[in-house]
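Below: one structure, written as structure tokens.
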Amino acid sequence: MQNQEIVTFQNVRKSYFLGEVEIKALNDISFSVQKEKFTFIVGKSGSGKSTLLNLIGAIDAPTSGDIIINDIMIETLNDDALSDFRAKHIGHIFQNFNLMPVLNVYENIEYPLLMINEDKNSIKEKVTKMIEDVGLKGLEKHIPSQLSGGQRQRVAIARALVKQPSLVLADEPTANLDSKTSGEIISLMRQMKDKYKTTFIFVTHDRDILDVADETYLLKDGVLEVRDVK
């Protein structure tokens, strides 16, 4: 039987040192995220949300414990294998969009495919389709400064999904958007999750968007609690 868990944390701890003082960012976290779910992690600033997201994204390593993503024990990968894993399997959506200002819409979305040496003809097909899917047809040659905040986030969504990763991590994706645009962007991501069979994991302060979550976790003082599972 195929494993339905895309992310599994087993007794994960993460600590930092400020001088001789140990800061416990995450404390003995064990949880799993099912494939093709819309999962939200909420918590106050300083609760450890960014640390948790960096561990899920294989950007950082735990102090102790095991992290399994796509049935791969992350700590068994060397630096090159980790880089390849992230490039192929994980997409990112950021609060500040993180678009390349000198690249147009098409080029920003194309960039992740160039990084994994995708075939040229395949790139054109995938980018063109993704632009249409996120509602940006006709804006291909616009640079980010010519776009609204909502349009920039649509570019970011397309860029995250164009390589069809199994997992997309969204870091406060509605923080710089008004409430109407936030609702539209979350609705779009939900549609894209269903269309591309992708798992989305969010960290957010925005409690107004939690109604669309399949499951919600609260992170408080480095401890993760299940708040709601549908």
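Restricting attention to the range 119-146, the residues that are in a loop (DSSP other than H, G, I, E, B), touching a residue at least 24 places away in the same chain (Cβ under 8 Å) and closer than 24 Å to Lys193 by Cα total 5. Looking only at the range 159-208, residues that are assigned to a loop (DSSP other than H, G, I, E, B) and on the phi < 0 side of the Ramachandran plot come to 13 in all.
For Gly57, indicate whether it is under 22 Å from Leu210 (Cβ atoms), touching a residue at least 12 places away in the same chain (Cβ under 8 Å) and surrounded by 13 or more Cβ atoms within 10 Å (Cβ to Cβ). When the stated conditions are applied, Gly57 passes them. Scanning the range 52-62 finds one or more residues that are more than 23 Å from Arg207 (Cβ to Cβ), outside any strand (DSSP E or B) and over 16 Å from the mean Cα position of the chain (by Cα).
This table checks each residue for (1) part of a helix (DSSP H, G or I); (2) under 20 Å from the mean Cα position of the chain (by Cα); (3) surrounded by 15 or more Cβ atoms within 10 Å (Cβ to Cβ).
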residue: Val7; (1), (2), (3): no, yes, yes
residue: Tyr16; (1), (2), (3): no, no, no
residue: Ile23; (1), (2), (3): no, no, no
residue: Val33; (1), (2), (3): no, yes, yes
residue: Asp80; (1), (2), (3): yes, no, no
residue: Phe85; (1), (2), (3): yes, yes, yes
residue: Asn98; (1), (2), (3): no, yes, no
residue: Glu110; (1), (2), (3): yes, yes, yes
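The residues of the range 210-230 that are without any contact (Cβ under 8 Å) to a residue 40 or more places away in the chain and touching a Ser or Thr at 6+ places or on another chain (Cβ under 6 Å) amount to a single one, Asp228. Within the range 60-75, if we keep just the residues that are free of Cβ contacts under 8 Å to residues at least 60 places away in the same chain and among the polar types (S, T, N, Q), the residue that is surrounded by the most Cβ atoms within 10 Å (Cβ to Cβ) turns out to be Thr63.
Read-outs: derived from the displayed coordinates by stated rules, not from any lab. In this text, all values refer to a predicted model and were calculated from it rather than measured experimentally. Note that each Cβ is placed from the backbone with ideal geometry, even for glycine, and that neighbours are counted across all protein chains shown.
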